[in-house]
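Peer 1: Would you mind keeping the following structure in view while I ask a few things?
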Amino acid sequence: MLIRYGYDFTMSFPRPTPLVCLVSVHPDRESHLVAPERHETAPDLPVSTYRDVFGNRCRRFVAPAGNLRMTGGGLIRDNGRLDHVDPAAHEHPVEALPHDTLVFMLASRYCETDLMTQIAWDLFGSIAPGWARVQAIMDFVHGYITFDYAAARSTRTAFEAWQERRGVCRDFAHLAITFCRCLNIPVRYVNGHLGDIAVPVGPDPMDYAAWLEVFLEDRWWTFDPRNNSRRVGRIVIARGRDAADVPLVNSFGQHLLQSFQVVTEEVPQAA
């Protein structure tokens, strides 16, 4: 299938302000693009790109004082398959984990493992390690937190989500990530596009989505505590330890978001 994705947002700045933006498709999906992505700013600005320590593609530039509009997107091929599952996938003991997974077992800005280790073991410690334990975490978080756009807060941590029991997809992800890490399971945060493809169209405006990837057996597996169902058409933008590593816009100065629009939709193909 073909999926069209993109963004259009406007911000205002009181003075020239450096920005780093993560809005490009992740490099591991670039080969699936039908044509090169489009990224534009108004006014037109010089932009440099680089890959961060997690392999994400970043766009770096200086916003001028006043309004700045950023638009972009692309058309990507997708296999149209649901997220992979393997109920037999096992956990590794810590000493057998690959070196590059260890960073995804540590506490991070939004995932306070020190505050939640006992809670995690009390809830999930009796469940057999492996896929079943991870799925039990997703089931619990999905039922524990109430999704509420009005309750969105950029500073909410996993422990606060545990206390408040409401939030948006990033809060579901942070709580599930923290539980996994408390149980010595490597897990990374994912930001990307997830449209209403092969599911009923929701009433809320389209937005970016957050989910997670868990290391079991010998690979990373997609889990989604917000939806807690297998989905079609995920487009990864960035991966990190939590949302602090993968902000769509990292502004090194004051700014105000004036408008924000995201599109992710399947493109009908001629028979």
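Peer 1: Tell me, what are the semi-axes, in whole angstrom and largest first, of the equivalent ellipsoid of the stretch 58-186 as set by the roots of 5 times the Cα gyration tensor eigenvalues? Numbers along the way, then the final one.
Peer 2: Values: eigenvalues 184, 88, 58 Å².
Its equivalent ellipsoid spans semi-axes of 30, 21, 17 Å.
Peer 1: What 222 nm value per residue comes from the helices of the chain, counting each DSSP H run with n ≥ 4 as -39,500 (n - 2.57) and dividing by all residues, nearest 500 deg cm²/dmol?
Peer 2: On the way: 4 runs with 47 residues, N = 271.
About -5500 deg cm²/dmol.
Peer 1: Points 7 angstrom from Cα along the Cβ direction at Asp78 and Ser259: gap in nanometres?
Peer 2: So the label points at Asp78 and Ser259 sit 2.6 nm apart.
Peer 1: Have a look at the DSSP beta bridges in the chain and tell me what percent are antiparallel, nearest 5. Could you put the intermediate results ahead of the total?
Peer 2: Details: 58 of 60 bridges.
Close to 95 percent.
Peer 1: Hey, another quick one. On the accessible surface of the stretch 118-171, probed at 1.4 Å, how many percent belong to carbon and sulfur atoms? Write down the numbers at each step before the final one.
Peer 2: On the way: 1410 of 2620 Å².
So the carbon and sulfur contribution to the accessible surface is 54 percent.
Peer 1: Any idea what % of Cα-Cα pairs in the chain are farther than 35 Å? Mind showing how you got there, number by number?
Peer 2: On the way: 6231 of 36585 pairs.
Percent of Cα pairs beyond 35 Å in the chain: 17.
Peer 1: From the P(r) of the stretch 1-125, can you give the percent of Cα pairs sitting at distances over 22 Å?
Peer 2: Values: 4654 of 7750 pairs.
For the stretch 1-125, the fraction of Cα-Cα distances above 22 Å is 60 percent.
Peer 1: How far apart, in nanometres, would the label points at Asp8 and Asp86 be if each is projected 7 angstrom from Cα along the Cα-to-Cβ direction?
Peer 2: For Asp8 paired with Asp86, the spin-label model returns 4.2 nm.
Peer 1: Show me, for the stretch 49-58, the HN-Hα J-couplings you get by feeding each phi into the Karplus relation (A = 6.51, B = -1.76, C = 1.60, θ = phi - 60°), rounded to Hz, glycine and proline as x.
Peer 2: Result, rounded to whole Hz: 10, 7, 9, 7, 5, 9, x, 7, 8, 10.
Peer 1: List every residue whose amide H lies under 5 Å from the amide H of Val23, counting only residues 5 or more places away in sequence or on a different chain, with H placed 1.01 Å from N in the peptide plane.
Peer 2: Sorted by chain and number, the residues that satisfy this are Arg59.
Peer 1: I'd like the Karplus ³J(HN,Hα) series for the stretch 179-186: coefficients 6.51, -1.76, 1.60, θ = phi - 60°, whole numbers in Hz, and an x wherever there's a Gly or Pro.
Peer 2: 4, 4, 5, 4, 9, 6, 10, x
Peer 1: Can you give the Kirkwood hydrodynamic radius of the stretch 119-271 from its Cα pairs, in Å with one decimal? Please list the in-between numbers first.
Peer 2: Numbers: mean 1/r = 0.0604 Å⁻¹.
Kirkwood hydrodynamic radius for the stretch 119-271: 16.5 Å.
Peer 1: Once each part is reduced to its C-alpha centroid, what is the distance from the stretch 196-242 to the stretch 58-94 in angstrom?
Peer 2: Cα centres, the stretch 196-242 to the stretch 58-94: 10 Å.
Peer 1: Output ³J(HN,Hα) for the stretch 210-222: one whole-Hz value per residue in order, computed from phi by the Karplus curve 6.51 cos²θ - 1.76 cosθ + 1.60 with θ = phi - 60°, and x for Gly and Pro.
Peer 2: Working through the residues one at a time gives 10, 9, 8, 10, 10, 8, 9, 6, 9, 7, 8, 10, 7 Hz.
Peer 1: Which of Val199, Val85, Val62 ends up with the largest GNM mean-square fluctuation for the chain, with Cα atoms connected below 10 Å?
Peer 2: Its mean-square fluctuation being the largest, the pick is Val199.
Peer 1: State, in angstrom, two size descriptors of the stretch 163-250 derived from its alpha carbons: Rg to one decimal place and Dmax to the nearest whole number.
Peer 2: 13.1, 38
Peer 1: Which percent, nearest 5, of DSSP beta bridges in the stretch 112-271 are antiparallel?
Peer 2: Details: 16 of 18 bridges.
So the antiparallel bridges in the stretch 112-271 amount to around 90 percent.
Peer 1: I would also like to ask the following. May I ask you to compute the full-extension gain from Val47 to Asp196, defined as 0.36 nm times their residue separation minus their alpha-carbon distance, rounded to one decimal in nm?
Peer 2: Working: separation 149, 0.36 × 149 = 53.64 nm, distance 3.19 nm.
Using 0.36 nm per residue and subtracting the Cα-Cα distance, I get 50.5 nm.
Peer 1: How do Asp44, Asp245 stack up against each other in accessible area, from largest to smallest, with a 1.4 angstrom probe? Present the calculation step by step, with values, prior to reporting the outcome.
Peer 2: Details: Asp44 135, Asp245 30 Å².
From most accessible down to least: Asp44, Asp245.
The values are calculated or read from the model by the stated rules, or taken from the named source; none is laboratory data. These numbers come from a predicted model, not from an experiment. Glycine gets a Cβ as well: all are built from the backbone with ideal geometry, and neighbour counts include every protein chain shown. Areas reflect the complete protein model, heavy atoms only, side chains present, ligands, DNA and RNA absent. Shrake-Rupley method; radii C 1.70, N 1.55, O 1.52, S 1.80 Å.
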